[in-house]
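Have a look at the structure below, then the notes.
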Amino acid sequence: MRYETPSLTRWNARAYDSSFGYVSAHGAPLVELLDPRPGERVLDLGCGTGVLTADIARRGAHVLGIDGSHSMIEQAIAHHPGLDFTVGDGYDFTVAQPYDAVFSNAALHWMSRDPDAVIGCVREALRPGGRFVAEMGGAGNCAALTAAVFTAWREYGLREPELPWYFPSPAEYALRLEKGGFTVRLLEYFDRPTPLDECPNGAADWVRMFAGSLLDRVPPAAVEPLLRRVNELAAPALRRETGWMADYVRLRFAAERR
Ligand code: BEZ
């Protein structure tokens with residue numbers, strides 16, 4: 001495998017794993033869909049701290065986890081010492097030997113710059129008939145969260161920020177897969193309201209955690225009041241008696257390399 005400049009995102013690996021363990025917890029059905037078999041070679045693209053990589057390995061597959069974030073890979077290696085992990089570029093990776101499957105959970109939407117390049121790398125990494133099984137944010141993902149961000153930014157006289165994610169419709173992504181040399185075998189598109197259990201400060205915490213780059217151009221003195229305003233704006237849609245809920249929408253698919 002060739003390793004290029006990591007560029008997936010800017011995560012805080014520790015917070016991702018402890019406060020946002022739901023990324024891993026919600027991945028279990030996707031591992032079921034992958035149905036890894038003993039001895040199969042599986043590549044986990046955007047593996048984060050490796051929780052699902054380890055689930056796949058427990059089923060007897062030989063799995064390599066790759067992620068663009070050095071800190072994620074450091075944590076993955078520390079938590080799962082027997083497994084293989086490496087830093088890799090989702091837009092530009094190659095493998096020495098083809099894989100039976102490429103798996104990806106909650107990572108493809110971060111590879112927003114060139115989704116076709118990602119699909120092309122996945123295709124090249126698979127043997128003919130190999131499967132690409134993944135879940136990502138779909139069209140409308142985080143709509144209430146991002147609407148609150150846009151409104152708050154405008155109210156503070158700031159330019160609306162560019163969002164770092166790619167949330168395609170099912171039709172758009174299916175077309176990319178088909179054009180990229182895959183046959184789509186299953187495609188699901190569904191709402192998955194997700195409790196932000198460990199975000200006592202709700203949408204504001206979510207922005208800091210997942211959309212920290214949006215704050216880069218915000219004058220430091222404005223950050224706190226701006227995020228308070230995001231919370232006010234997002235609360236009617238996302239705050240429940242039991243806590244905050246993110247308005248996640250998922251695109252889940254299984255495709256086969258032709
Ligand atoms: C998601 O999993 O849908 C997601 C997580 C963080 C930021 C944006 C989307």
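The values are calculated or read from the model by the stated rules, or taken from the named source; none is laboratory data. Keep in mind that this is a model prediction, so the values were computed, not measured. As a convention, Cβ positions derive from the backbone with ideal geometry for all residues, glycine included, and neighbour counts pool all protein chains shown. Surface accessibility is based on the protein's heavy atoms, side chains included, excluding ligands, DNA and RNA. Shrake-Rupley method; radii C 1.70, N 1.55, O 1.52, S 1.80 Å.
Summary table
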read-out	value
Charge-dipole axis of the chain as Lys and Arg at +1 and Asp and Glu at -1 on Cβ define it, positive-most pick from Y99, G48, G129	G129
Helical mean residue ellipticity (222 nm; -39500 (n - 2.57) per DSSP H run of 4+; nearest 500) of the chain	-11000 deg cm²/dmol
Accessible area of region 133-258 belonging to carbon and sulfur atoms, whole % at 1.4 Å probe	51 percent
Net charge, L227 excluded, C-beta distance under 9 Å - Lys, Arg +1, Asp, Glu -1	+1
Extended-chain gain in nm, criterion 0.36 nm per residue less alpha-carbon gap, R239 and V218	5.1 nm
Label-point separation in nm, R185 to D197, each point 7 Å along Cα→Cβ	3.2 nm
Check: region 203-248 dipole with +1 on Lys, Arg Cβ and -1 on Asp, Glu Cβ, in debye	60 debye
Under-5 Å amide H pairs with C142, H placed in peptide plane, nonlocal only	D247, Y248, V249
Coordinate range along principal axes, alpha carbons of region 103-219, Å, largest first	52, 28, 22
Extension gain (nm, one decimal) between E178 and A96, 0.36 nm per residue minus Cα-Cα	27.1 nm
The chain, relative contact order in percent, only Cα pairs under 8 angstrom and at least six apart counted	21 percent
Whole-Hz couplings from phi, Karplus 6.51/-1.76/1.60, listed for region 194-205; x for Gly and Pro	10, x, 8, 3, 9, 10, x, 9, x, 4, 4, 5
The chain: equivalent-ellipsoid semi-axes (sqrt of 5 x gyration tensor eigenvalues, Cα, Å)	32, 19, 17
FRET E, pair R228, D35, Förster distance 45 Å, beta-carbon r, rounded to 0.05	0.45
